[in-house]
Structure formats: structure tokens, C-alpha cells
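These notes are about the structure you will find just below.
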Amino acid sequence: MTTSLRLPHIAIMRSINFAAAAAATAIGTILVTACGPASRPASLPPASTPVPTNTATGAATGTAQAIAASAPAIPIAVESDSQMKAEGNHGPSSSILLPASCRLTGTTLTADGTYSNGGFVPNVYNRYGDIVVLYALGAPSPGYPQGQQLGASDVSDSPAVGSRARWHVRLSIPRAAGTPARCVVAAQPTHDGQFAP
């Protein structure tokens, strides 16, 4: 028994392809018009800016890092020993932290840096279970000469003190809280000292 396949006529296929191409062009024109520079918020990169990702990890690479680096820089400082004690933080000094930058991207504040002493971190920080905590402060105002605290990083977003690698810590700030004027980082103990036997 012989079965014959009925193939579509070439002219019909060409007209279907032409119609599909015309529809795609029309949709593309609508999207470009709706998402053009005039309709984009100033905080977003141009529509033509690619954001490549690492296909293995899904992490942003290349241009995405450049976009993050171009986010507004905010002054950053390390919490002093006297400020730490006033806040009830009696752990090791935060002077071990060497912040490099603090940047605001949308509502996310991200700080990063290294450690003093060439990256060597004394074991006492591990015993206290210290983490790098990021605080966001607003501009000075009546009753708040140092600026009102807008937020602090969650434990899950605060890295442990003790690695020679760069540290990164982030904090999400609700829009209603206001715009941060400066960042402060501190080595914050998560529990009391554990003494060796």
C-alpha cells in the first residue's frame, strides 16, 4: 500500500511566511514605541543595553556588572567602637572591615569591601559568630543628627566575618522609608562568646 503525502503549495507557504514576518514587524514597532526611551524610568538602562547572564549559574555578567557599578554611590563608613557599645554591640571591633563601596539600585542597597591586615581575621570574630551588617541611614534631621535608620540587613543577607574573600552585603529598603544618605557597616555578634576549654 502506497501512502502519498500532500505537501502545501509553495505559493501558500510564502504568503504565510510573509504574513508572519509582517505581523512580527508590526508587533516589534509597537513594543519599541511603548518601551522607547521616553517611556522608561531614568533609573533603568536603555532598552538596547544587553544584560548577559552566565548560562550555568544564571548570574548576571559583563554589562550587568557595569550597570551595577554605575548605580549611585553612597558614602559608607565603619561603625566606631563607641557607637557599637552605645548600640549594645560588645563584640570585637568593626575596624576589621574595609568598605569599598555602597550603591543603591532601585530599592536595594549593596555594600562590599575587604578586611584589614591583608585579609587575616582573628578567630575571636568566629567565636562571636560575627556577621557583616549593613545599616542605611537617612539625611540628618531634627532629633536625628546622624540620620534616622532606614533599615538593616537581614541575617540571611549578612555574610560571616572571617573569609579572606571580599564581603558583599545587601539590604532592601521600602520606598516609603525614604532615600538613604549614607551607609554604615559593623561586625555584629550573633551570640555570646564561646570560650575554648
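Could you calculate the FRET efficiency of Ala160 with Thr107 from 1/(1 + (r/R0)^6), where r is the beta carbon distance between them and R0 is 30 Å, rounded to 0.05?
My answer for the efficiency is 0.75.
Starting from the amide H of Asp130, placed 1.01 Å from N in the peptide plane, find each other amide H under 5 Å away whose residue is 5 or more places distant or on another chain.
Result for Asp130 returns Val161, Thr190.
Taken together, the values in this text are just the output of simple stated rules run on the coordinates, not laboratory data. Keep in mind the model is a prediction, meaning the values are calculated, not measured. Note that we place each Cβ from the backbone using ideal geometry, even for glycine, and neighbour counts take in every protein chain shown.
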